[in-house]
Structure formats: structure tokens, C-alpha cells
Amino acid sequence: MLGLEEVALYEAGSDPTALRSIARARLPGDPGPRAFRRANLSCKDGLSRLEAGALSRPGLRDLLEAAGVTTDPLDESAPSAAYAAIPLLRPGRCHGLLLLRSSERPFPLETLHQAELLARQALMVMVSQSGDGCPAAVQALAAAIDARDNYTHEHSEEVVALATDVAHMLGLSPRDVEHIRRGALLHDVGKVAVPNEILYKAGPLTDAEAAVMREHPLIGERILRRTPELTDIAPMVRHEHEHWDGSGYPDGVAGQAIPIGSRIILACDAYSAMITRRPYSEPMSHGDALAELRANAGSQFDPGVVAALVRVLAERETA
């Protein structure tokens with residue numbers, strides 16, 4: 001959650017002055033009442049005050065007033081903290097509002113910048129293919145925002161970029177490349193249903209916890225199948241943890257039976273995870289991560305995908 005204590009996403013429907021809450025997330029162990037308790041927000045100008053971008057304030061009531069949102073007595077019980085609002089806007093259309101709470105004061109500019117990048121990613125996918133947003137697509141993207149675990153924002157961007165480049169390297173069609181790019185962006189959407197004590201655990205999972213975590217590809221598939229614009233990504237998300245030799249989950253399929261997008265995302269996500277610092281492990285060097293990919297090509301990973309990923313990484317080094 002980008003080091004934040006609380007996040008909430010509100011969706012705009014046909015009436016841009018009325019927003020409804022569709023997703024909320026809170027840091028495990030955060031004391032006191034929630035800040036974002038309201039199910040609905042009213043903004044008489046349709047968030048026009050936020051057309052210039054995000055804003056932050058030292059209190060929730062001050063933030064909502066500055067954003068043009070009607071305040072409510074519930075706002076008075078919000079924890080003392082720094083707050084920020086990020087609009088999901090494109091010309092002629094308000095799609096929603098992202099609200100953030102941070103214990104650090106003033107609101108950290110770097111955190112706000114990262115959250116704005118994430119919001120732009122969300123808006124980009126919301127309007128892809130159909131040229132318009134829909135409530136189900138917003139909910140899927142809200143889940144992706146809620147499900148951010150201990151990885152950094154840069155890790156998420158890296159997986160999308162690597163998967164896209166590998167798809168190009170393999171000579172896939174432009175349509176398939178875009179399909180895989182969207183799949184990489186939303187591949188962990190099912191983590192919305194993973195309990196916080198598991199998702200944020202700073203250490204290895206128990207067998208029981210791992211079993212719960214292994215449900216997230218199935219949950220992600222169900223979320224995406226409810227979204228007409230994203231239905232074609234659902235099988236890719238379901239099979240993102242399948243292994244080339246059939247030892248993965250949830251279905252134990254192997255080889256070419258695994259969607260090519262799933263095989264690409266698995267390798268790219270694994271490489272990025274290996275070189276990313278996590279609470280319970282130090283990052284590997286680039287060379288060690290490559291050695292790990294090669295060692296598991298033919299068992300965990302598609303050998304052709306690993307070869308393409310290695311070439312992509314080599315080209316980056318010489319660029």
C-alpha cells in the first residue's frame with residue numbers, strides 16, 4: 001500500500017457528482033477508527049477542482065473541502081494524519097477518486113507521486129479496448145490497488161514492461177502483446193481476497209497460509225470474468241502460477257497447455273521478485289537471478305520464454 005495507513009477508491013457512475021465506495025484497504029494493526037467510512041460522496045462540481053491533479057491536506061475534512069466534496073459528521077472522527085486525493089479523470093469524464101491516509105506529515109511527495117502513477121495505470125486499463133470505463137473494470141482495478149503487497153511500485157511497472165518486451169521478442173502479434181501487457185498489470189488482482197495477516201506477513205508462510213495464498217489466481221479469474229473488456233485476460237491470470245513441468249497450481253497443467261501470457265508473466269515476475277528487496281530476503285544480483293532462471297528452465301519456466309527474457313535483459317544492458 002505504498003507505506004500508507006489507509007486507501008479508499010470511489011467510483012463515479014453516470015452522475016459525476018455522486019461517488020460510491022467500491023474498495024477500501026487498511027494497514028494491518030492500524031489502531032483507531034477508519035478514516036474513509038462513508039459509502040457515498042457528493043461533489044457538486046464533479047471533481048472539477050482536481051483537474052490540475054492530486055492535492056494533500058493535514059486533515060480529512062480540509063482535504064474534502066478543498067476537493068469540492070461535501071463533508072459529513074463522520075469525517076470528524078477520522079484519525080489525525082495527512083490526507084491526499086487523486087482524481088481519475090480524462091477529458092470530459094470523471095471516473096472516480098482515490099483517497100489516501102499517511103501517518104507521515106506532511107504527506108510524502110514521493111508516495112503521492114507513486115500513487116498518481118498507479119492511478120494513471122488504473123485509468124489507462126479502465127478505458128482500454130472499449131474506449132470507456134465500466135463499474136466492473138473499476139472494481140477489478142480497485143482490487144489491484146488494494147492488493148499491493150510488500151513489493152514496490154517499481155516492481156509492478158517492471159513486470160509489465162518485461163512481459164511486454166518478452167512478448168515482442170517472441171514475435172507475438174500486436175493484439176497478443178497488448179493482451180499480455182494488460183494481464184501483467186492485473187495478474188495479482190485476486191490478492192484482494194487474501195487476509196492482511198497473510199498478505200503482509202514478513203516471513204515464510206505456513207502450509208495453511210500458503211494454501212490460502214494459492215487461491216488468488218482463481219479469485220482473480222472470477223473478478224476478471226465479470227468484466228467484458230477484461231474477460232480475455234481471465235485464463236492468463238488463472239494459470240499465472242502453473243509450471244512448465246506441471247508442478248504448479250491451481251490445475252497442474254503443463255507445457256504448451258499453459259497460456260503463453262501466463263508463462264511470460266511467471267518468468268518476468270520471478271526475475272523482478274528475485275532482484276527486489278523484500279522484508280524477509282535480500283535481493284539477488286542480476287547475474288544470480290539469471291542463473292536461477294536458467295536452472296529452472298524446463299521445470300518451472302518455459303525454456304523459450306526464459307531465452308527471450310535473457311535476450312531482453314541483455315539488450316537493456318547494451319542500450
Taking the Cα atoms only, what angle lies between the long axis of helix 260-274 and the longest principal axis of the chain, rounded to 10 degrees?
80 degrees
Quick check: the distance between the Cα centres of the range 245-295 and the range 1-80, to the nearest angstrom?
37 Å
Within a 10 angstrom radius of the beta carbon, how do Lys191, Lys44, Lys201 rank from fewest other beta carbons to most?
Lys44, Lys201, Lys191
Classify the chain from the C-alpha gyration tensor, please: rounded if a/c falls under 1.5, else prolate or oblate depending on whether a/b exceeds b/c.
prolate
Quote the charge dipole size of the chain about the Cα centre in Debye, to the nearest 20; the model charges only the Cβ of Lys and Arg (+1) and of Asp and Glu (-1).
660 debye
Using a Förster radius of 41 Å, what is the FRET efficiency between Ser299 and His113 based on their Cβ-Cβ separation? Nearest 0.05, please.
0.55
Between Leu74 and Arg120, what length in nm is gained on full extension when 0.36 nm per residue of separation is reduced by their alpha carbon distance?
13.7 nm
Amide H within-cut-off set for Phe301, under 5 Å, with H built and near neighbours excluded:
Trp244
What is the calculated FRET efficiency for His286 to Ala254, with r their C-beta to C-beta distance and R₀ = 35 Å, to the nearest 0.05?
0.75
Relative contact order for the range 188-319: what percent, with Cα pairs under 8 Å and sequence separation of 6 or more?
18 percent
Gain in span if fully extended, Ala66 to Asp207, counting 0.36 nm per residue against the direct Cα distance
46.0 nm
Per-residue Cβ contact counts at 10 Å, fewest first, order Cys43, Cys268 as Cys43, Cys268
Rank-order 96-104, 55-63, 26-34 by packing density, defined as the average count of other C-beta atoms within 10 Å over each peptide's residues, highest first.
96-104, 55-63, 26-34
In terms of modelled amide H atoms, which long-range or inter-chain residues lie less than 5 Å from the amide H of Ala23?
Leu9
If I model a spin label as a point 7 Å beyond the Cα along the Cα-Cβ vector, how far apart are those points for Glu315 and Leu27 in nm?
4.1 nm
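Every read-out reported here was derived from the displayed coordinates using simple, explicitly stated rules and does not represent laboratory data. Because the structure is a prediction, the values reported are computed rather than measured. Neighbour counts run over all protein chains shown; Cβ positions are idealised from the backbone, glycine included.
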